[in-house]
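Novice: Handing you a structure now.
The values are calculated or read from the model by the stated rules, or taken from the named source; none is laboratory data. Just so we're clear, the structure is a prediction, and the values are computed from it rather than from any experiment. Counting neighbours? That spans all protein chains shown, and the Cβs are built from the backbone with ideal geometry, glycine included.
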Amino acid sequence: MFSRQISLISTLLLFSWLVTGCAFLDTDVDVRADQSEENPVVIEEISIDIATDQIDQSNENDRNKITQNVTGDEAFNAVLLPKFMGISVFDKANEGAADAARSLRQPFPAFVGPTSSNSTQGQIEILNDAVTHGYDAVLISNNGGDEISAAAQAATEAGVTVITWDSPIPSAVGESVFVAQVDFDETGLVMAEMAHNILDGRGQIAILSAGRDAANQNAWIAAMETVLINDPKYQELEIVDTAYGNDNFSISYSTAINLANNYPDLDLIMAPTTVGIQAAAQAMQDEGLCQTVKTSGLGLPDEMVPHMIEGCVPQFALWSFNDLGYLAYYLAYHLTVGNIEPEVGETFFAGRLGRFTIEEDPTREQGLRVLMGSFTIYKEQDLLWQ
Amino acid sequence: MNRKSLIDRLLQWETLLAIIFVVVVLINISLSPFYLSLQNQVNLFHLSIEKIIVALVMTLIIINAEIDLSVASIMGLAACVFAFVWDDGFTLGTAISAALLVGALAGAINGFFVAYVGLPSLVVTLAGLIAYRGLARVLVEDRSIGDFPEGFDALGQDPLFGPLTFGIILFFIGLAIMIVVLQRSGFGRKTYVVGNSIEVAEYSGVNAKRLKMILFILSGLVSAIAGILIAARLGAVRGSTAEGFELDIITMVLLGGVSIFGGSGTLTGVGLAILIILNMRNGMSLANVSGNAQTGVIGLLLILSVLVPNLLQWVQTKLNDPRTSGQT
């Protein structure tokens, strides 16, 4: 009798462990999310609490009132949805969006994303749940193609503002406005120009991209190819191959080594992805190939400077992901509040970044965009100055 | 006697799943005020409808002591074949038939190698996972094919009957059929017998090879149906459609108490496991838990689902041991 009771109790204990284990996992995540917000000023924390209370109450009354008439007092709740979690540029975009929320005195946006193995399906689920949750806006960096359109369309119809940043919905269906970090054609030109500078106008280039499906990567590579073909200045630069590292460090690392092995005359690996460029630079450095095969592309200064000092990465470019998140948040806020409509010619003020105008997106058949700005090009010479 | 059967019943896997389910629901209710809304409850099924439909037939496969890792690739391949044929200007009916045919054929290839050549299904369907996915990618390349007729998209996206979508209705019809087949028909009994011991089954005159062949064809066909459903739900298809779904599907079945060694398991258990996983994911998503943490929790759940039944068996043997029960 006694042993029966013990076995029963221990089994039940095991299950309570399971349940509380899950609860702990939840709080773990929450705590980390809180810490990453750079200790906001206490006064603002209070205002956020009040704001959240308000939306809870007003939720029960009338949700439409909020979306139609958000003033400084009423809370604007947004979800920042990256391609997937665990990539530093998206964390930076989240910091920027949180900055924008702070200056607009709104609650911090929820920063939720899928895993890289489940990205498209995961993004659709999060978008659907955001509607259920009653969020006012969803800010998406689209990882798939048009698969997210139906969910985005449904969200828009439910009164949620859906904007994209970093990577748009190709057909623009379901998306209100796309915040383009840079002009996609300019990306091609910048990459061609960097290659030209590094190689003195002549040599073999291999491209190391992220995924085959990434709309932004493909557009940039196509733009670079167009520039190389059409401008006689670049006629002695040749793209020998385009390989994919799936924005995974170890896959990108081995892909870079394969490229160097397959093309003995290779002079440059051009990686328009922050994961790819770091992996390629590390691979060339580890293999002792930095003097023959240079790396360039789009990279984060923090990560690239060590490789620049080693002479592996003479030049690279990037825009500020912090600003991108900041601008996306401001745009979503103004659209939701009703200060602007998603139409060509509407202008809005985005805090420290200044004034922006909504225009037609020339890189897609249809769709609207806000163009953030141009590149910062980081060069070896500048580094020596510092 | 009465008390003993009560304890036995309490220790049954399905009962424990039901308890976990209730706990998950209670936690979800406390986490989010939106959880109980009808729209959310429908969404919860709608967003994973393809997986849970395939989980039904996966239950039969695993009870039969086999496994089919290629289901998600067949889903992708069928979706791509459908989109490719439609894009070529054929009618909707032709495109759907072509996709179903390809699915059944892919299943038949798996079945042939497993049942008649005698290779382990783990290897055969792993090859299928890679090959069918490769075919799908070759077929549509890096494109995304969309622009299906509006009625077709609506079938995947809009409610058909009350708040229920076509896929959800299909799932419940499928569940009812599978319960009858598995628990009330000769085919179901044979599935268990072959799963328990193929030698015993063949000795008693069961045609195990044919049974396995039928199961794999069924698996391919149902996966193809799921593939067409996902094409309708998303409104666009690409080579990577449904990639990685096989693990979620197998997780649901194993958590449902179906033994990975075959021969035991019920659809009640699998149904409860589906409810638990869907509700857990939904709750975590509503509470803004990121995808990485969600995967971790589901993984933990699966480990427990393998550990606990063994532990329970050990407890039960102890309880039934005449030496210990004699003392009470």
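Novice: Check B:Ile53, B:Ile62, B:Ile67 and return the single one that is under 19 Å from the mean Cα position of the chain (by Cα) and outside any helix (DSSP H, G or I). Can you show your working first?
Specialist: Numbers: B:Ile53 fails: outside any helix (DSSP H, G or I); B:Ile62 fails: outside any helix (DSSP H, G or I).
Selected residue: B:Ile67, the only one of B:Ile53, B:Ile62, B:Ile67 that is under 19 Å from the mean Cα position of the chain (by Cα) and outside any helix (DSSP H, G or I).
Novice: Please pick out the residue among B:Gly296, B:Gly283 that is farther than 30 Å from B:Gly128 by Cα and either assigned to a helix (DSSP H, G or I) or away from chain A (no Cβ under 13 Å) (or both).
Specialist: Exactly one of B:Gly296, B:Gly283 is farther than 30 Å from B:Gly128 by Cα and either assigned to a helix (DSSP H, G or I) or away from chain A (no Cβ under 13 Å) (or both), namely B:Gly283.
Novice: Among the residues of the stretch A:332-379, how many are in contact with a strand residue (DSSP E or B) (Cβ under 7 Å, 6 or more places away or on another chain) and part of a helix (DSSP H, G or I)?
Specialist: Adding up the residues that qualify gives 4.
Novice: Give B:Gly195, B:Gly220 a once-over and let me know the one that is farther than 30 Å from B:Val81 by Cα, assigned to a helix (DSSP H, G or I) and out of contact with any Ser or Thr (no Cβ under 6 Å at 6 or more places or on another chain). If you could, list the steps in order and put the result at the bottom.
Specialist: Values: B:Gly220 fails: farther than 30 Å from B:Val81 by Cα.
None of the other options fit; the residue is B:Gly195.
Novice: Now for a different question. Within the stretch B:256-276, does at least one residue satisfy the condition of being part of a helix (DSSP H, G or I), in contact with a Ser or Thr (Cβ under 8 Å, 6 or more places away or on another chain), within 13 Å of chain A (Cβ to nearest Cβ) and modelled with pLDDT of 80 or more?
Specialist: No - not one qualifying residue is present in the stretch B:256-276.
Novice: Okay, next question. Among the residues of the stretch A:82-111, write down those that are out of contact with any strand residue (DSSP E or B) (no Cβ under 6 Å at 6 or more places or on another chain), free of Cβ contacts under 8 Å to residues at least 40 places away in the same chain and of a type in the set (A, V, I, L, M, F, W, C). If you could, list the steps in order and put the result at the bottom.
Specialist: Initial filter on the stretch A:82-111 (out of contact with any strand residue (DSSP E or B) (no Cβ under 6 Å at 6 or more places or on another chain)): A:82-93, A:95-96, A:98-108.
Now restrict to residues that are free of Cβ contacts under 8 Å to residues at least 40 places away in the same chain: A:85-86.
Listed by number, the list holds a single entry, A:Met85.
Novice: Only one of these is among the aromatic types (Phe, Trp, Tyr) and under 30 Å from A:Val173 (Cβ atoms): B:Phe216, B:Phe171. Name it.
Specialist: Working: B:Phe216 fails: under 30 Å from A:Val173 (Cβ atoms).
Answer to the check: B:Phe171.
Novice: Does the stretch A:93-128 hold any residues that are closer than 16 Å to B:Ala293 by Cβ and among the hydrophobic types (A, V, I, L, M, F, W, C), and which are they?
Specialist: If the condition is that a residue be closer than 16 Å to B:Ala293 by Cβ and among the hydrophobic types (A, V, I, L, M, F, W, C), then A:Ala110, A:Phe111, A:Val112, A:Ile126 are the ones that fit.
Novice: Identify, from the list A:Ala283, A:Ala260, the residue that is farther than 24 Å from A:Gly201 by Cβ and touching a helix residue (DSSP H, G or I) at 6+ places or on another chain (Cβ under 8 Å).
Specialist: Residue meeting the stated conditions: A:Ala283.
Novice: Okay, next question. Is there a residue being modelled with pLDDT of 90 or more, at negative phi and of a type in the set (Phe, Trp, Tyr) anywhere in the stretch A:361-377?
Specialist: Within the stretch A:361-377, none of the residues are modelled with pLDDT of 90 or more, at negative phi and of a type in the set (Phe, Trp, Tyr).
Novice: What about B:Ile177, is it under 28 Å from B:Ser240 (Cα atoms), assigned to a helix (DSSP H, G or I) and not aromatic (Phe, Trp, Tyr)?
Specialist: Values: under 28 Å from B:Ser240 (Cα atoms): no; assigned to a helix (DSSP H, G or I): yes; not aromatic (Phe, Trp, Tyr): yes.
Considered against the rule, which asks whether it is under 28 Å from B:Ser240 (Cα atoms), assigned to a helix (DSSP H, G or I) and not aromatic (Phe, Trp, Tyr), B:Ile177 comes out as no.
Novice: Would you tally the residues in the stretch A:240-262 being over 19 Å from A:Val313 (Cβ atoms) and outside any helix (DSSP H, G or I)?
Specialist: Qualifying residue count for the region: 6.
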